[in-house]
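The values are calculated or read from the model by the stated rules, or taken from the named source; none is laboratory data. Owing to the predicted nature of the structure, the values given are computational and were not obtained by experimental measurement. Backbone-built Cβ (ideal geometry, glycine too); neighbour counts: all protein chains shown.
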Amino acid sequence: MSPRNWRVGVAGLGTVGAGLLTFLSERPGFAPAGGQVTVSGVSARSRSRPRPFDISGLRWFDDPVALAQSDEVDLFVELIGGSDGPAKAAVEAALKAGKPVVTANKALIAEHGAELAALAEAAGVPLLFEAAVMGGTPAVKMVREAMVGDDVRSISGILNGTCNFILSEMEQGGRAFEDVLAEAQRLGYAEADPTMDVGGFDAAHKITILAALAFNCAPDFAACEVEGVDQVELLDIRMAKDLGYRIKLIASAERSDEGVSVRVHPSLVPLAHPLAQAGGALNALFIEGQRLGRIFIQGAGAGAAPTAAAVAADIADVMTQAVRPVFQRPATELAAFTPVDRSRSLVRAYLRLLVKDEPGVIAAVSETLAEAGVSIESFLQKPVEDAEGVPIVLTTHSVSEAVLAQAVERIAGHPAVIKAPRLMRIARI
């Protein structure tokens, strides 16, 4: 077969798979390198499920591994999802058969990227995953290719459109988390089981991948510190805004002399900051290099058309027949993550307390913080209608995370504190 004509097998015919098949049927000769792309086989969990395109003329495979190994497939596209199971087995089969792989599976790459990179490099074939991070917005290419001449210091941004939509709608509509989550599920932004999104795990997979590319490390999802948005209350959104901030789920990766810090947390962002201005389901990302300074990209982080466009871009790259290491360096040379000791990490923080309306409470809180060595930057007490107590909010100057955690634990034990304090970081962006 001429290398200018590629037979593609597609496993997974959900939203992205449907978008990709539609794109390839409309533009089979889209690649700048020339040639044609033909879908030679497909696989999914259900053959009879209604779909917005006709698959009757395509060869069907019940088993995605069989599709990956088929002699009629030159390039395998995995859109099944999940870190293990059929997705991992099919990608491994394709790589062992010496076939290039394109995937949108962020969980697979974040949790098994190093071993899959070793398989790809041993076979001398590409393993590409642009669509795994920020959908059609080229975050992976930016870090892996455009920043190769620089030393990346940090990456931070909004990497989950579902959480961004929920937080935006809570603020704009004054609605509780549960109400907005139900709407996100009706609109298709959130799954029936939204844990991966609202628990922060989706964003954690993505920042793990970007950190690996940026810092020449093997992806290590287990080293990522993760907190979702499911505990963010409307009261926090209102109080933060009164202090000049907007709450966003921020994914960040930072390299220092002490090691690498990779984390996902609800964080307070100044209202005028570009990340605070990214509303709805948008994704947005800052990349800071030693030589280039700060680069900002923003765009659609999900959806059929944007994500299919990213998959198609990777297919086009494969068609050039260029092969490079999957994570900047050969898999055998990738360093392990060295997590930063949290006790040495400094943060500014937002602390919200719900207390009984009685004398001496504020003084007791201030005294406890002072004794622990925590300096208060700003303070806000604002009675809220129908609240079970009086909300007190304060922000701190930079302080050790360990010191702050100990102080909050002491405050939580005060008899006037009605419920557990709410602690969030103020983003360093």
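Please enumerate the residues belonging to segment 318-335 that are part of a loop (DSSP other than H, G, I, E, B) and farther than 18 Å from VAL102 by Cβ.
GLN328, PRO330, LEU334
Out of curiosity, is LEU346 touching a strand residue (DSSP E or B) at 6+ places or on another chain (Cβ under 7 Å) and under 29 Å from GLY173 (Cβ atoms)?
It is false that LEU346 is touching a strand residue (DSSP E or B) at 6+ places or on another chain (Cβ under 7 Å) and under 29 Å from GLY173 (Cβ atoms).
Looking at segment 191-213, which of its residues are surrounded by fewer than 23 Cβ atoms within 10 Å (Cβ to Cβ) and more than 30 Å from ALA335 (Cα to Cα)?
Hits for segment 191-213 are GLU191, ALA192, ASP193, PRO194, THR195.
Does SER378 qualify as being in contact (Cβ under 8 Å) with a residue 40 or more places away in the chain and within 27 Å of ILE155 (Cβ to Cβ)?
no
Only residues that are polar (S, T, N, Q) and touching a helix residue (DSSP H, G or I) at 6+ places or on another chain (Cβ under 6 Å): list them for segment 52-73, please.
GLN69
Which numbered condition in (1) surrounded by fewer than 17 Cβ atoms within 10 Å (Cβ to Cβ); (2) touching a Pro at 6+ places or on another chain (Cβ under 7 Å) is the only one that GLY293 fails?
Failed condition: (2).
Only one of VAL393, VAL408, VAL374 is part of a loop (DSSP other than H, G, I, E, B) and surrounded by 13 or more Cβ atoms within 10 Å (Cβ to Cβ). Can you tell me which?
Testing whether each residue is part of a loop (DSSP other than H, G, I, E, B) and surrounded by 13 or more Cβ atoms within 10 Å (Cβ to Cβ) leaves just VAL374.
Take the residues in segment 55-81 that are of a type outside the set (D, E, K, R) and surrounded by fewer than 13 Cβ atoms within 10 Å (Cβ to Cβ); name whichever of them is nearest to MET196 (Cα to Cα).
TRP60
Return only the number of the condition from (1) over 24 Å from ARG238 (Cα atoms); (2) polar (S, T, N, Q); (3) without any contact (Cβ under 8 Å) to a residue 24 or more places away in the chain that THR368 does not satisfy.
(3)
Have a look at ILE295, ILE315, ILE287 and point out the one that is outside any loop (DSSP other than H, G, I, E, B), aliphatic (A, V, I, L, M) and over 24 Å from THR162 (Cα atoms).
After ruling out the rest, the residue left standing is ILE315.
Listed here are the residues, each with its yes/no results for (1) more than 18 Å from the chain's Cα centre (by Cα); (2) under 20 Å from ALA302 (Cβ atoms); (3) in the same structural domain as VAL393 (by TED's automatic domain parsing); (4) at pLDDT 95 or above.
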{"residue": "LYS206", "(1), (2), (3), (4)": "no, yes, no, yes"}
{"residue": "ALA212", "(1), (2), (3), (4)": "no, no, no, yes"}
{"residue": "LEU234", "(1), (2), (3), (4)": "yes, no, no, no"}
{"residue": "MET239", "(1), (2), (3), (4)": "yes, no, no, no"}
{"residue": "LYS248", "(1), (2), (3), (4)": "no, yes, no, yes"}
{"residue": "VAL260", "(1), (2), (3), (4)": "no, no, no, no"}
{"residue": "PRO266", "(1), (2), (3), (4)": "no, yes, no, yes"}
{"residue": "LEU275", "(1), (2), (3), (4)": "no, yes, no, yes"}
{"residue": "ALA281", "(1), (2), (3), (4)": "no, yes, no, no"}
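Which numbered condition in (1) surrounded by fewer than 24 Cβ atoms within 10 Å (Cβ to Cβ); (2) of a type in the set (A, V, I, L, M); (3) assigned to a strand (DSSP E or B) is the only one that ALA309 fails?
(3)
Suppose we filter SER398, SER375 for residues that are among the small types (Gly, Ala, Ser) and farther than 20 Å from PRO266 by Cβ; which single one remains?
Answer to the selection: SER375.
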